[in-house]
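Notes for the one structure printed next.
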Amino acid sequence: MIRPCLLATVVLAACSNARDAAPDAKPIAIDSASAIDGGGDAPAGPDGATSGIVLNEVVAAGAPDWFEIANPTAADADLTGVYFSDDLTPAVTAGANVAFIADGSHVSGHQYFVVDVDSAVVGFALAKDEALSLWRDTDGDRKASAGDTLIDSVDWVDGDAPAASSFARLPDGAGAFATTATPTRGAANQ
Ligand SMILES: [Ca+2]
Ligand SMILES: [Ca+2]
Ligand SMILES: [Ca+2]
């Protein structure tokens, strides 16, 4: 069942190493949609007890680009303090693109959360050969830093996520990433 879209915002981290830069708040379209089929709990992400959410799907040749977070667990997952980057190690890469998901955002148990990644919205987009990492701002300094916790990451090369396709976990929420024929924004991967 597809539920109505809702609007939320992301707060831009102006630059991962611009300590004193005030973050901008810009709107981003996010939708929370159908429940994950099956209902079984998938393995937790690398941060284990911190959250069971995973990066579930990436569209890198979209208009806009987007990625999907899945919550395969039954528990609500708080996304306050969660940020994403197009670099696998944003805390050590000078100038890495980083954007925070809006405080107060959450993804309910067995639900999805979609984030548009567009230059006009978050200041960067995803390329055909790139990566995406999802972090929790464990040290609370509102930027990518060594004390933060990796939630999940995905790396793809040219051909993995071409136009009209996505790079997604199969089986949904739990499997390895593979190229799909049909993006499933806010719904179970197929
Ligand atoms: Ca792109
Ligand atoms: Ca931090
Ligand atoms: Ca999906």
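Pick out the one residue from Val58, Val98, Val107 that is within 16 Å of ligand 1 (Cβ to nearest atom), surrounded by 17 or more Cβ atoms within 10 Å (Cβ to Cβ) and among the β-branched types (Val, Ile, Thr).
On the way: Val98 fails: within 16 Å of ligand 1 (Cβ to nearest atom); Val107 fails: within 16 Å of ligand 1 (Cβ to nearest atom).
Sole residue among the options that is within 16 Å of ligand 1 (Cβ to nearest atom), surrounded by 17 or more Cβ atoms within 10 Å (Cβ to Cβ) and among the β-branched types (Val, Ile, Thr): Val58.
Condition check for Asp116 on (1) within 16 Å of ligand 2 (Cβ to nearest atom); (2) among the acidic types (Asp, Glu); (3) crowded, with 19+ Cβ neighbours inside 10 Å: one failure, at (1). For region 132-139, indicate whether the set of residues that are aromatic (Phe, Trp, Tyr) and within 16 Å of ligand 1 (Cβ to nearest atom) is non-empty. The answer is no; no qualifying residue exists. Restricting region 168-180 to residues that are modelled with pLDDT of 95 or more and of a type in the set (A, V, I, L, M), the residue that is surrounded by the most Cβ atoms within 10 Å (Cβ to Cβ) is Ala168. Considered as a group, the residues in region 144-167 that are part of a strand (DSSP E or B) and within 16 Å of ligand 1 (Cβ to nearest atom) include one that is surrounded by the fewest Cβ atoms within 10 Å (Cβ to Cβ), and that residue is Asp155.
Considering only residues that are under 21 Å from Thr73 (Cα atoms) and among the β-branched types (Val, Ile, Thr), which ones fall in region 88-128? The answer is Ile101, Val107, Val114, Val115.
In region 42-136, counting only strands (runs of 3 or more DSSP E) that sit wholly within it, the ones holding 2 or more residues that are within 16 Å of ligand 3 (Cβ to nearest atom) and more than 16 Å from Ala161 (Cβ to Cβ) span 65-70, 112-117. Within region 66-89, residues that are within 21 Å of Ala187 (Cα to Cα) sit with their Cβ atoms under 7 Å from residues that are in a loop (DSSP other than H, G, I, E, B) and among the hydroxyl-bearing types (Ser, Thr, Tyr), at 6+ positions apart or across chains, in these pairs: Asn71/Ser108; Asp76/Ser108; Ala77/Ser51; Leu79/Ser105.
Within region 161-190, track down each residue that is closer than 11 Å to Val59 by Cα and touching a Lys or Arg at 6+ places or on another chain (Cβ under 8 Å).
Ala161, Pro162
The values are calculated or read from the model by the stated rules, or taken from the named source; none is laboratory data. Small disclaimer: the values here were computed from a predicted structure and weren't measured. Counting neighbours? That spans all protein chains shown, and the Cβs are built from the backbone with ideal geometry, glycine included.
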